[in-house]
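Reading through the structure tokens given below for one structure.
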Amino acid sequence: MKALRIAALLLCCGAAATATLPEAQAQVNQLDADFNVIPDKVTPTADGIRISVCLVGIPSTAQRIDAVTLVVGPKKIKATDIDGVDFERAFQFEDTGVQVIELDFPFKGKLPKTATLIFHTADGDVESPARQ
């Protein structure tokens, strides 16, 4: 009986511990988009900056990114390189629906919070904040 009481107590404590975990936060940028973009980090490079993002889409669906533009105030800067997928080539979201990519831009200086990424795809443009 004592073992049963201890097991019940542990079960209650375990349930309480899982209920207090922080929720995962993701931003839905466009409800009509085929995928959403979650910016991760901005890293300075010798030629500018590298922005890491997670693309979240429907598992086992295909998508194509033709180009990406960084909008900082009135400036529009085109990405010079992409890692994780290729420009103008179809890729498929795996079973998780997540694809991590990195984008290189020839932009010097600190990226403001108001900067925007525009993904030019075969199905139209998808906009996202460049950083969280």
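The values are calculated or read from the model by the stated rules, or taken from the named source; none is laboratory data. Here the structure is a predicted model, which is why all the values come from computation and not from measurement. Please note: Cβ atoms are built from the backbone with ideal geometry, for glycine as well, and neighbour counts cover all protein chains shown. To get the accessible areas, we keep the full protein, side chains included, count just its heavy atoms, and leave off ligands, DNA and RNA. Shrake-Rupley method; radii C 1.70, N 1.55, O 1.52, S 1.80 Å.
Observations, loosely collected:
- Just one of the numbered conditions (1) open to solvent by less than 90 Å² (accessible area, probe 1.4 Å); (2) not in a strand (DSSP E or B) is not true of T96: (1).
- Subset of the stretch 55-93 (residues that are part of a loop (DSSP other than H, G, I, E, B) and acidic (D, E)): D86, E88
- No other residue among D95, D104, D86, D81 is of a type in the set (D, E) and modelled with pLDDT under 95 apart from D95.
- Annotation: of all residues in the stretch 99-109 being closer than 18 Å to H120 by Cβ and not β-branched (V, I, T), the one that is most open to solvent (accessible area, probe 1.4 Å) is P106.
- Residues of the stretch 45-56 that turn out to be open to solvent by 30 Å² or more (accessible area, probe 1.4 Å) and within 17 Å of the chain's Cα centre (by Cα), as a count: 3
- Subset of the stretch 57-75 (residues that are over 11 Å from L103 (Cα atoms) and either buried (at least 19 other Cβ atoms within 10 Å of the Cβ) or in contact with a helix residue (DSSP H, G or I) (Cβ under 6 Å, 6 or more places away or on another chain) (or both)): G57, Q63, I65
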